[in-house]
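Visitor: Please see the structure below; I have some questions.
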């Protein structure tokens, strides 16, 4: 890969070092991959209320071609997207990076994700940009300056031209009826690796917004004893919204810092645990800029080890932990895996979705058409 390619992605040196450590000679190709969405857009089928073939037919009736996944029976995907190349206009709405990235795939921009409005009047055409002026979308401004300053919520920009255009899943009958849940492929695989069963006690330690939790409920037909935790009322409310749309019963929901969950629930109470902790989020895609605040993976890994120790204490002997993160740094993936084996003396289990029967898998966005993501599975012995 040439220096010209490296210059084009405009990634800071600290970020390059992280990707080079994880992907060796392929790090530039991996970074370039993150600047575009995955080609396959995955939907998990709500198998408690429908079947995969029925969902494919229902989506076809709405003009959407969905394909059944070869490996996962409750997943379908839609192929492709269109690059629309929105312009950098004089009238701008500056958005937080995560909000801008959402608009790049078609989401509207709301007040909590907006920083400021520049050279624009209500009703005018604007560009949605990041603070470093990377263009995510064009749209129509729905607030004037006074409304913007006096509000904490509400629609700021109606998106009319995202950078990447896909079919709008949220307007489909299957989505509105709670028959599908948009979810990344590695995230879907995580709960299949956990293999939750009826009558087991299962803990989801960082459960918001409820994707993996709802998958556990789905696979156990709501007949497991499930405890779901997260650290704020807003995160708990997101879980409730997800479950309500899918028509699922609420498990026991607990607002707490999961680093101390073993002190709240007691030791050796769980048959299985899923842990998807806060992380540096460096595997997310599509990125529209790499000019992001500097993140130190070591800080995240220390926090993750605290969560892992609590998970270890919660697990019964012979219990299973499935760990996943949407990042790629060595410190948040292999270092956590090694800590579990060397310090906590847990047993690594082979992952079933890989031909090599690895016990930890770091997804390569360039080769696998996924976000940057890691999964590993452990047993308490």
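Visitor: Is the C-alpha gyration tensor of the stretch 1-148 telling us rounded, prolate or oblate? Criteria: a/c under 1.5 is rounded; beyond that, a/b larger than b/c is prolate, otherwise oblate. List each step's numbers first, then the result.
Guide: Details: a/c = 2.49, a/b = 1.19, b/c = 2.10.
Oblate, because a/c is 1.5 or more while a/b does not exceed b/c.
Visitor: What is the angle, in °, between the Cα long axis of helix 297-314 and the longest principal axis of the Cα atoms in the chain? Nearest 10 is fine, range 0 to 90.
Guide: 40
Visitor: With each run of n ≥ 4 DSSP H residues scored as -39500 (n - 2.57), what mean residue ellipticity at 222 nm is computed for the chain after dividing by its residue count and rounding to the nearest 500 deg cm²/dmol? Please report the intermediate quantities before stating the final value.
Guide: Working: 14 runs with 121 residues, N = 381.
Computed mean residue ellipticity for the chain: -9000 deg cm²/dmol.
Visitor: How far is the Cα center of the stretch 282-351 from the Cα center of the stretch 124-184, in Å?
Guide: For the stretch 282-351 versus the stretch 124-184, the Cα centre distance is 32 Å.
Visitor: In terms of the Cα gyration tensor, with a ≥ b ≥ c the square roots of its eigenvalues, is the chain rounded because a/c is under 1.5, prolate because a/b exceeds b/c, or oblate?
Guide: The shape class here is prolate.
Visitor: Now a separate question. Please state the relative contact order of the chain as a whole percent: Cα pairs under 8 Å, 6+ residues apart? Write down the numbers at each step before the final one.
Guide: Working: 812 pairs, mean separation 61.3, N = 381.
Averaging sequence separation for qualifying contacts and normalising by length gives 16 percent for the chain.
Visitor: Taking the chain as a Gaussian network, Cα atoms linked when under 10 Å apart, which of 361, 170, 215 shows the biggest mean-square fluctuation?
Guide: Its mean-square fluctuation being the largest, the pick is 170.
Visitor: With r defined as the distance between the Cβ atoms of residue 294 and residue 241 and R0 fixed at 30 Å, what FRET efficiency is calculated, to the nearest 0.05? Kindly include the intermediate steps, with their values, before the conclusion.
Guide: On the way: r = 33 Å, r/R0 = 1.09.
Efficiency for this residue pair is about 0.40.
Visitor: Can you compute the modelled spin-label distance between residue 342 and residue 47, with each label point 7 Å from Cα toward Cβ, in nm?
Guide: Once both label points are built, they end up 3.8 nm from each other.
Visitor: Right, next: Restricting to the stretch 184-379, compute how many DSSP beta bridges are antiparallel as a %, nearest 5.
Guide: On the way: 12 of 28 bridges.
So the antiparallel bridges in the stretch 184-379 amount to around 45 percent.
Visitor: Still on this structure, please answer the following. State, to one decimal in nm, how far the label point of residue 168 lies from the label point of residue 82, with both points 7 Å from Cα in the Cβ direction.
Guide: So the label points at residue 168 and residue 82 sit 1.4 nm apart.
Visitor: Order of 233-241, 142-150 by packing, highest average Cβ count within 10 Å first? Spell out each step's value before the answer.
Guide: On the way: 233-241: 15.1, 142-150: 13.6.
Descending packing order for the listed peptides: 233-241, 142-150.
Visitor: For helix 233-246, what angle does its Cα long axis make with the longest principal axis of the chain, in degrees from 0 to 90 and rounded to 10?
Guide: 90
Visitor: Give me the angle, in degrees from 0 to 90, between the Cα long axis of helix 13-23 and the longest principal axis of the Cα atoms of the chain, rounded to the nearest 10.
Guide: 40
Visitor: For the stretch 83-165, give the share of DSSP beta bridges that are antiparallel, in percent and rounded to the nearest 5; count only bridges with both residues there. Working shown, then result.
Guide: On the way: 17 of 20 bridges.
The antiparallel fraction comes to roughly 85 percent.
Visitor: Quick one: order 23, 303, 252 by neighbouring beta-carbon count within 10 Å, fewest to most.
Guide: Values: 23 20, 303 14, 252 11.
Ascending number of Cβ neighbours within 10 Å: 252, 303, 23.
Visitor: Another question, then. Sort the stretch 184-379 into rounded, prolate or oblate with this rule: let a ≥ b ≥ c be the square roots of the eigenvalues of the Cα gyration tensor; rounded if a/c is under 1.5, and if a/c is not under 1.5, prolate when a/b is larger than b/c, oblate otherwise. Walk me through the numbers on the way to the answer.
Guide: Numbers: a/c = 1.35, a/b = 1.20, b/c = 1.12.
Rounded, because the longest to shortest axis ratio a/c is under 1.5.
Visitor: Could I ask something else about it? Mind sorting 279, 256, 206 by how few other Cβ atoms lie within 10 Å of their own Cβ, fewest first? Provide the component values of the computation, followed by the final result.
Guide: Values: 279 25, 256 15, 206 19.
With the fewest neighbours first, 279, 256, 206 line up as 256, 206, 279.
Visitor: Taking the Cβ of each residue in 43, 307, 88, 284 as the centre, tally the other Cβ atoms inside 10 Å and list the residues starting with the fewest. Write out the running numbers ahead of the final one.
Guide: Numbers: 43 26, 307 23, 88 11, 284 17.
Ascending Cβ contact count within 10 Å gives the list 88, 284, 307, 43.
Visitor: Quick one: grab Rg to one decimal and Dmax as a whole number for the stretch 83-165, Cα atoms only, in Å.
Guide: Final numbers for Rg and Dmax: 10.9, 35 Å.
Visitor: I've got another one for you. Distance in nm between label sites at residue 221 and residue 349, each 7 Å beyond Cα in the beta-carbon direction?
Guide: Computed distance between label sites residue 221 and residue 349 equals 2.2 nm.
Visitor: Using a Förster radius of 30 Å, what is the FRET efficiency between residue 146 and residue 90 based on their Cβ-Cβ separation? Nearest 0.05, please. Intermediate results must be reported in sequence, preceding the final value.
Guide: Details: r = 21 Å, r/R0 = 0.70.
Calculated value: 0.90.
Visitor: If you don't mind, another one. Defining a contact as two alpha carbons under 8 Å apart and six or more residues distant in sequence, what relative contact order in percent does the stretch 3-97 show?
Guide: Once divided by the residue count of the stretch 3-97, the mean separation gives 22 percent.
We did not get these values from a lab; they are worked out from the coordinates using the rules stated. Just so we're clear, the structure is a prediction, and the values are computed from it rather than from any experiment. So basically every Cβ, Gly included, is an ideal-geometry build from the backbone, and we count neighbours across all protein chains shown.
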